[in-house]
Every structure is written in structure tokens, then in C-alpha cells.
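Following this message is one structure expressed as C-alpha cells.
The values are calculated or read from the model by the stated rules, or taken from the named source; none is laboratory data. Bear in mind that the values here come from a model prediction, so they are computed numbers and not experimental data. Here the Cβ positions follow ideal geometry from the backbone for every residue, glycine too, while neighbour counts run over all protein chains shown. To get the accessible areas, we keep the full protein, side chains included, count just its heavy atoms, and leave off ligands, DNA and RNA. Shrake-Rupley method; radii C 1.70, N 1.55, O 1.52, S 1.80 Å.
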Amino acid sequence: MFDNTYIDVPFNYRHHCWFCSEPAGHSFTFPHSAHLVFDCPHEPLTIPSCLECARVASKAEVRNIWQVEQSVKVYLIKKYRKDLAIGLNWTEEELANSGFEGGSFAGFQKSAWFMYQVAKDRVNFRGWPLVVDGVEIINEDVDREFCFDGVSYPSIDQAMEHYSVNFNLDADFLRRVLAKIGPKSFAKAVRFCRLYVGATPNEKSQALREFS
């Protein structure tokens, strides 16, 4: 398994998945024979990976390892949508004082924040620098990562999708609002769109015209 394509692994990450930091019992090589890439900007790289991330990564039809990483993050965000939503609706203190101890939601109260933290840690983890034989492989792609409310999304599009699904927002309406006020006002855009859940297209168009 360890050959001249295997990246140098820092000692403190020697047992970790490069994609999500979970225990790594497998490896992933890119490019690989199942997906031929003729314009990959780097030599073949083999990285430590957990089985789940390796399986997802092998299905990514992209041109470099950083785009593979984005594909894995998109998968994790979708997998943990409900767990990440806990952080959208609760704080740890609010959950602890929710009064669910004796009811049917007692199990939720006990495990929800832990699952939120597990999900957030896997999604937020960024692999260590890719170094082969002492030479670092530089990512020349523009960094599209979008960070909001403690979670790092591969792009603002993924953040919009996540919030649209969890709050039942009109994704196109959210996009139009953000186009008007800018990504730095993401929280304001989400709050505004939540006011118009179930509104008609005409009502949304009028609201957008009046919104500043």
C-alpha cells in the first residue's frame, strides 16, 4: 500500500482519515483506473481514508484531489442534515434545559448535541497539507469554502441548499436575496426568506423589490 504516491502523514494524524479525521483503515488513490483524468494538475496521490469516505471519493468524477474532497464534504453534509440542523435550532444550554428528561424525547435530549458535534467535526475537518517525498502539492484552484455559524461548507451553494432544506425555504428566492445583499449577509437573507415560507411568487417578487 505504501508506495511513492502515498502522502506524508504527520505523526498526530497517522491513524486519521484525510477527508473527515475518523479512524483510517483504508486508503484512496486519485486519479484511479475507474475514472481516467487527463488534465489532473498533480501526480497520483494515495491518502489514508476511512471506508465510508473512500467509497464516496471513488465515485467522484472530478479532476483533482481537492474536488474529490469537496464531493465527500457534500455527501457528509447531506448525510448529517438532521444532525447539523440541531445546531440551527438549539444551543447546548437550551437543549439541556428543554425538559425532555422524562418524555419520549429523552433519548434525543441525551444524544442530540453529541451527534451534532460529531457531524460538525467531520464536515469541518480539513485534511493536512498534501506532501509527497517532502514536496508539498499546491492547490491552485480558487478556494470556494464558505463558513457560516460554525460549519464550513464546500461552497455557498451547499450552504444555501442545506438551509433551504432544513427551513423549507425557496432556494431560488434565497439565491435572489443573496444576490442583492451579498454572501456576508447570509444570516439576514435566511431570516428574511423564513418570513416568506408559503408565500406566492408575486408576494416574494414584491418583497424582494422592497427589501434592502
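Filter segment 115-148 down to residues that are more than 17 Å from the chain's Cα centre (by Cα) and among the charged types (D, E, K, R) and give me whichever is modelled with the lowest pLDDT.
Only one residue fits best here, namely 141.
Hey, another quick one. What number of residues within segment 61-93 satisfy the criterion of being open to solvent by 70 Å² or more (accessible area, probe 1.4 Å) and within 12 Å of the chain's Cα centre (by Cα)?
Matching residues across segment 61-93 total 4.
With the structure loaded, tell me whether residue 96 is hydrophobic (A, V, I, L, M, F, W, C), over 25 Å from residue 15 (Cβ atoms) and open to solvent by 40 Å² or more (accessible area, probe 1.4 Å) or whether it fails that test. Give the derivation first.
Working: hydrophobic (A, V, I, L, M, F, W, C): yes; over 25 Å from residue 15 (Cβ atoms): yes; open to solvent by 40 Å² or more (accessible area, probe 1.4 Å): yes.
Judged against the criteria, residue 96 is a match.
Select from segment 31-65 the residues that are in contact (Cβ under 8 Å) with a residue 40 or more places away in the chain and assigned to a helix (DSSP H, G or I) and list them in ascending order.
Of everything in segment 31-65, just one residue is in contact (Cβ under 8 Å) with a residue 40 or more places away in the chain and assigned to a helix (DSSP H, G or I), namely 65.
Is it the case that some residue within segment 13-36 is of a type in the set (A, V, I, L, M) and more than 24 Å from residue 121 (Cβ to Cβ)? Break it down stepwise before answering.
Of segment 13-36, the ones of a type in the set (A, V, I, L, M) are 24, 34, 36.
Remaining after also requiring more than 24 Å from residue 121 (Cβ to Cβ): 34, 36.
Taking every residue of segment 13-36 in turn, at least one turns out to be of a type in the set (A, V, I, L, M) and more than 24 Å from residue 121 (Cβ to Cβ).
Among residues belonging to segment 114-149 that are part of a loop (DSSP other than H, G, I, E, B) and among the aromatic types (Phe, Trp, Tyr), point out the one that is farthest from residue 96 (Cα to Cα).
Here is the first cut: in segment 114-149, the residues part of a loop (DSSP other than H, G, I, E, B) are 125-130, 133-134, 137-145, 149.
Restricting the remaining residues to those that are among the aromatic types (Phe, Trp, Tyr) gives 125, 128.
Numbers: 125: 26, 128: 35 Å.
Per the criteria, the residue is 128.
Tell me, please, whether a residue that is open to solvent by 20 Å² or more (accessible area, probe 1.4 Å) and within 30 Å of residue 167 (Cα to Cα) can be found in segment 3-17. Please lay out each step first, then the result.
From segment 3-17, those open to solvent by 20 Å² or more (accessible area, probe 1.4 Å) are 3-6, 8-16; that's our starting set.
Keeping just the survivors that are within 30 Å of residue 167 (Cα to Cα) gives none.
No: zero hits.
Then there's this: Quick check, is residue 163 open to solvent by less than 30 Å² (accessible area, probe 1.4 Å), closer than 30 Å to residue 41 by Cα and among the hydroxyl-bearing types (Ser, Thr, Tyr)?
No; evaluated as a whole, the condition is false for this residue.
Shifting gears a bit: Given 111, 152, which one is hydroxyl-bearing (Ser, Thr, Tyr), farther than 14 Å from residue 88 by Cβ and either in contact with a Gly (Cβ under 8 Å, 6 or more places away or on another chain) or not in a strand (DSSP E or B) (or both)?
Working: 152 fails: either in contact with a Gly (Cβ under 8 Å, 6 or more places away or on another chain) or not in a strand (DSSP E or B) (or both).
So the residue among 111, 152 that is hydroxyl-bearing (Ser, Thr, Tyr), farther than 14 Å from residue 88 by Cβ and either in contact with a Gly (Cβ under 8 Å, 6 or more places away or on another chain) or not in a strand (DSSP E or B) (or both) is 111.
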